[in-house]
Structure formats: C-alpha cells, structure tokens
Amino acid sequence: MVLLNGAVWLPLIGAILHPFLAWCVQRSTSLGSPLVITVAVANLVTAGIFLCFLEPTGSWDISEKDCWAVANGVFFFLGQWFSIQSVKSGDLAVHSSALGLKVLVVGFLSMWVGLEVGSWSLVMGSVLASLAVFLVAGASMTGWRNHRLTVGLTVLACLFFGLNDFLTGWQSREIGIARWLSLMMGTSGLISLVLLIRRRSELFAIFSSLVASPFILGAGFLLGLQALVVNLAFSTYGQPTLSNVVYSSRGVMAVIFLHLIGRKSAPGLAEKQVAGAALMTLALAIVLGT
C-alpha cells in the first residue's frame, strides 16, 4: 500500500518538522543572528547528525564514483545560498511561494531519465502541489512582477535543490546510501565551516551572548532530522517526485502550526491558504491514489 511506503511517510515527517525549524530560524534572526550564520551552523550540526546516524564505513578517499555525491553537497549549499539571497532581496511571501517550483524541477528530471514513470497522476500532482505552495504562501502574480529579483533567485535555489533531490534518488545507490548522504552533507558542512571561519567575529559575538545560540542549535538539530528523513526517502525508495509532492505539504503544516498557537491570518491571506490547502489535499489524493 502506497501510504505505508517510506517514500510517503518519511517526507511527511519532514513536513511536520518544518514549522518548528522555521520558528527557530525566525527567532534566531530576530535575536540578531544573520540568516547565513544560522544556516551555516545548522549545516554543521546536520552533517554531524548524518555521520552519527549513518555510520558510513570504508575509506574517505574520494573516488570517481564519489564525485557526484560531493557535487551534490555543493548543489545543496548553493540552493541554500540562493534561497538566503532571495529572502534578503525582497518579499518573504514571494520567496516562499516560488519554492513550489522545485517539485516541477525534480519531476521533469526524474521522468526524463526514467527514474519515475511519467504518469498523468504524477504530473498533475506535481503541478497542483506547486500551485498549492503558491497559494499557501499568500503571494500573487503582482507580487512576483514587483519582486522579479526575488523570484529569479528563488528559481535558482529551486534548480539546485531540485538537482540535489533528483541526484540523490537517482545515483545514491551506486556507492551506497550511507556513503552518498555522508559525503553530500559532509561537503555542505565543510563549505559552511569555511564560511563561519571567515565570519568568526560575528559567530563569536552571537554565541557569547547566549541569547540566539539555543535557537541556532535548535534549528541545526531540526534541519538535521528533517534533511535525514527526507533524503532517506529519496535515496532508499528512488521516487523523489512523489516524495517532493508529499514534502510540499510543509507550507500547510506551517499554517496549521500558526493556528494552533493562536496566530490567525489576515482575511485575504486566510482565503488563499484554505484554497492552497484544498489543492494540496487534492494533489496528495491524486499521487497517492494510484
């Protein structure tokens, strides 16, 4: 039964973790930590979680087959980098709404190489999930036109994130899932370490105050768990498009979380979010019902 498939329930766990991760990131930013510092520290924590959980064996010498895993770590970091630049450049709603395009990138690449069968249900589910993300974020086409740089940077982020998801689903079993994921997140962690060394004065100032540091470390822990379960779904089950459609429900999870803590949306935004939630439910029903 598809509902019991790890390609479904693992990214669903990742989606449930998303609002808690976003809250930690927002709190750390509001307390003075630059977004790039928070993400870089979170990457180091994530790399540690991957290494501890996966316990990869064998030599750390990089062979030719390992190069794609290393490149994938670079793609993951670049996706984060362009995402950060997008957030800094303009409207957060515009950035969030455009992230749904990643589902289409993963779907196109997966169907192109034959990793997943290009069925009507998968194509329709991907399109509806992308539209649902747009609506849940509360953006509009006017907002996209007024923040073209934000949209452009987010599209670049989606391309790199999409490549990362697709390659993990397609190539990870060539060298072993544990080795692939460890090399991938280890590479992202090393890049982040270099970045933190270059900005060590900011890092020391943030952690010496002990105000934002718990939220930064909390973001790292949650990002590590989220990245682990989602990438295990991509690599183990080889259905990155299906998993991405399920993972796209993270926006709906965030809206539910805000309602549970008593933060209600503005009337116009609430209507879009309800429509987006309905579309996401339909997208999930289509891809899971086949």
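What follows is calculated from the coordinates using simple rules that are stated; it is not laboratory data. All values reported here derive from a predicted model rather than from experimental measurement. FYI the Cβ positions are ideal-geometry reconstructions off the backbone, even for glycines, and counts take in every protein chain you see.
Here is how the numbers come out for the structure above:
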item	result
Percent RCO, i.e. relative contact order, over region 9-139, from Cα pairs under 8 Å lying at least 6 residues apart	22 percent
Dipole moment magnitude, nearest 20 debye, region 2-288 about Cα centre, only Lys, Arg, Asp, Glu C-beta charged	720 debye
Contour minus Cα-Cα distance for residue 281 and residue 61 (0.36 nm per residue)	74.7 nm
Per-pair calculated FRET efficiency, R0 = 30 Å: residue 171 and residue 199 via Cβ, rounded to 0.05	0.35
FRET efficiency for residue 124 and residue 256, using Cβ-Cβ distance with R0 set to 22 Å, rounded to 0.05	0.35
Length gained when the stretch residue 190-residue 9 is fully extended (0.36 nm per residue, less Cα-Cα span)	62.2 nm
Ranked by how many other beta carbons lie within 10 Å on average, peptides 151-164, 243-256, 195-208 from highest	243-256, 151-164, 195-208
Span from the region 1-47 Cα centroid across to the region 161-218 one, whole angstrom	12 Å
Region 2-288, relative contact order in percent, only Cα pairs under 8 angstrom and at least six apart counted	41 percent
Relative packing of 218-228, 16-26, which averages over residues the other C-beta atoms within 10 Å, highest first	218-228, 16-26
Per-pair calculated FRET efficiency, R0 = 25 Å: residue 140 and residue 31 via Cβ, rounded to 0.05	0.20
Along each principal axis, Cα extent of the chain, largest first, Å	47, 45, 33
